[in-house]
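Below: one structure, written as structure tokens.
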Amino acid sequence: MGLSPRLTGRATARAHHSPAASAFLHKIEPLFAGREVTGGPLLLATILALAMTNSPWAGGFERFWDTPVTIGFGTGKVSHRLAEWIDHALLPLFFVIVGADVKREMAIGPLAHWRSAAFPLSGALGGMLVPVGLYLAVAGGTPAQPGWGAVITTDTAFGLALIAVFANRLPAGLRATMLAFAAVDDVGGLLVIAFAYSGAIDPWGLVVAAAGLAGIMGLRRIGWVSSVPYVLLALLVWGGVLESGIHATIAGVLIGLTVPVEPRLQQHAFAQRVQRRVDEFRDAHDAAEDAHDDEEEHRHRERAEERLGYLHEMASATREASSRLIEVLTPWVNYVVLPLFALSNVRIHISGDLLSMIGGPLVMGVVLGLVIGKPLGFLTFTWAASALGLARRPDQVTWPMVAGVGALAGIGFTISLFIAGLAFGDGEMREAASLGVLLASVLAAAIGYAILRHCAEPRHTAEAPPKG
């Protein structure tokens, strides 16, 4: 959680030159330079999108994202607006990370025990039911009723970024709880999209997706290493889900859940297998250095390179595939996928008419559902599950910290905006729903940050070196 060790070292060294600047950068760096998905670029893109949609260039800005893009092969063609391609083709990459990360936390992380895993799962159930109930209590029976799905989901990127601000001052189980809660929440939102906001479902698309998943599992069973077939099968899963009429982001979660979380080679086995090759490499290298002619040197260099190739492959096998995949995708998701989503989907034209809707059922339903319903549902259901012995809080995670996670869960940004567009199309109702999501996300972020800041260990305590 937080910055990588190298970036942490750089920040420590920088503090000697400019303490004031270092203190500021230390607080904001997790929003941009963390090892996990971060919310800083997404936040900047959101601000830019709001500025552009309320500027003299708003028309051209929105027409750009509405540009039709057609992909064809032979007689078959698929055409979507540029914004829709970002939603369907790029956003699933974010959910690949979510699926892989959740699997790792539940298989080998703080949520490996079923009672620990049941804690965020029960919270996610409450975090979906209670917000929808509050929303319908306010907006049910009005034209705003179709927007109930906007209060179901949690924005994983913003929530994890705010937790990362506290680096090692909060227990690791808290991040795992937030991640698992948000992932289940998002899957619930995607299922809502699939069955409440989608048209007819094409069963053949689901058959194709299932065949792709079966192929991935089959390759895993026979121990296939090369990544090319996995990528092709993942594209097959994505295409099948997209063709079925279900939103393609669900394909990202499914693909992420298939990624192995155990290395192909344990470290103790690595140590036993490579020692002879290390000795052989050293012998070949020394022989090349002492060679009497170019041909002999070339022969020994090739032998040394072969041993290095073996060592490289064996070292790679000690690292689980999920870590490698997350490491590759995270920079692209942070700096390309999520910012492009915000730029293409945040369309709120601030006007007197729109602001007059703040007290209306749509905006109030969204705000109450996310800001009040999320933490209330999360706390109530996790407490009940714990009291009944069905769930267990992760180690060192206190109930105030749980309240902080519940508050952060009210940041329903990414998928909430997407569902608002599905529910109301383009127009005033969509803008009002988006305004409600924006207001609720700001309030939820502020409340959650305040709670976690109160719960976090003092910085000097968390960063103190261990006593020898």
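The values are calculated or read from the model by the stated rules, or taken from the named source; none is laboratory data. Remember, it's a predicted structure, so these values are computed and weren't measured experimentally. Please note: Cβ atoms are built from the backbone with ideal geometry, for glycine as well, and neighbour counts cover all protein chains shown. Side chains included, ligands, DNA and RNA excluded: accessible areas come from the protein's heavy atoms. Shrake-Rupley method; radii C 1.70, N 1.55, O 1.52, S 1.80 Å.
The table that follows gives values for the structure above.
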read-out	value
Pair ALA89, GLU289: separation of 7 Å Cα→Cβ label points (nm)	5.3 nm
Theoretical FRET efficiency, 1/(1+(r/R0)^6), r = Cβ-Cβ of ALA137 and TRP57, R0 41 Å, to 0.05	0.50
J(HN,Hα) series, segment 227-237, from Karplus relation 6.51 cos²θ - 1.76 cosθ + 1.60, nearest Hz, glycine and proline x	7, 4, x, 5, 5, 5, 5, 5, 5, 5, 4
Crossing angle, helix 91-108 versus the chain [Cα axis fit, 0-90 degrees, rounded to tens]	70 degrees
LEU48-HIS454 FRET efficiency (beta carbon distance; Förster radius 30 Å; 0.05 resolution)	0.40
Surface share of carbon and sulfur [accessible, 1.4 angstrom probe, percent] for the chain	65 percent
Local electrostatic count at ALA444 - Lys and Arg +1, Asp and Glu -1, tallied over other residues with Cβ under 12 Å	0
Rounded accessible area of MET429 (nearest 10 Å², 1.4 Å probe)	60 Å²
Per-residue ³J(HN,Hα) for segment 250-255, Karplus 6.51 cos²θ - 1.76 cosθ + 1.60, θ = phi - 60°, Hz, x for Gly and Pro	5, 5, x, 4, 4, 5
Hz values of 3J(HN,Hα) by residue in segment 317-331 - Karplus curve (6.51, -1.76, 1.60), Gly and Pro given as x	5, 7, 10, 5, 4, 4, 5, 5, 5, 4, 5, 6, 7, 4, x
For the chain: relative contact order, % (alpha-carbon pairs under 8 angstrom, 6 or more apart)	27 percent
Rule-of-thumb Rg ratio for segment 114-169 [Cα; 2.2 N^0.38 Å; N residues]	1.49
Rounded if a/c under 1.5, otherwise prolate or oblate - segment 216-326, Cα gyration tensor axes	prolate
Cut-off under 5 Å, modelled amide H: who pairs with ARG81 long-range	VAL69
Intensity falloff of segment 255-397 expressed as log10 I(q)/I(0), Debye formula with alpha-carbon point scatterers, at q = 0.18 Å⁻¹	-1.11
Charge tally in the Cβ shell below 11 Å around ALA118, where Lys, Arg are +1 and Asp, Glu are -1, ALA118 excluded	+3
Positive-end extreme of charge dipole, the chain - chosen from LEU50, VAL278, LEU435 (charges on Cβ)	LEU435
Check: the chain dipole with +1 on Lys, Arg Cβ and -1 on Asp, Glu Cβ, in debye	1460 debye
P(r) histogram, all alpha-carbon pairs of the chain included - 20 Å bins from 0, percent	22, 51, 22, 5, 0
20 °C / 1.002 mPa s Stokes-Einstein diffusion coefficient of segment 342-468, Kirkwood radius on C-alpha pairs, µm²/s	129 µm²/s
Distance (nanometres) between label positions extended 7 Å along Cα→Cβ at TRP204 and GLN272	5.2 nm
Among ALA317, TRP114, HIS300 the positive-end extreme of the charge dipole of the chain (Cβ point charges)	TRP114
The chain, accessible area per residue, ligands and nucleic acids excluded (1.4 Å, Å²)	47 Å²
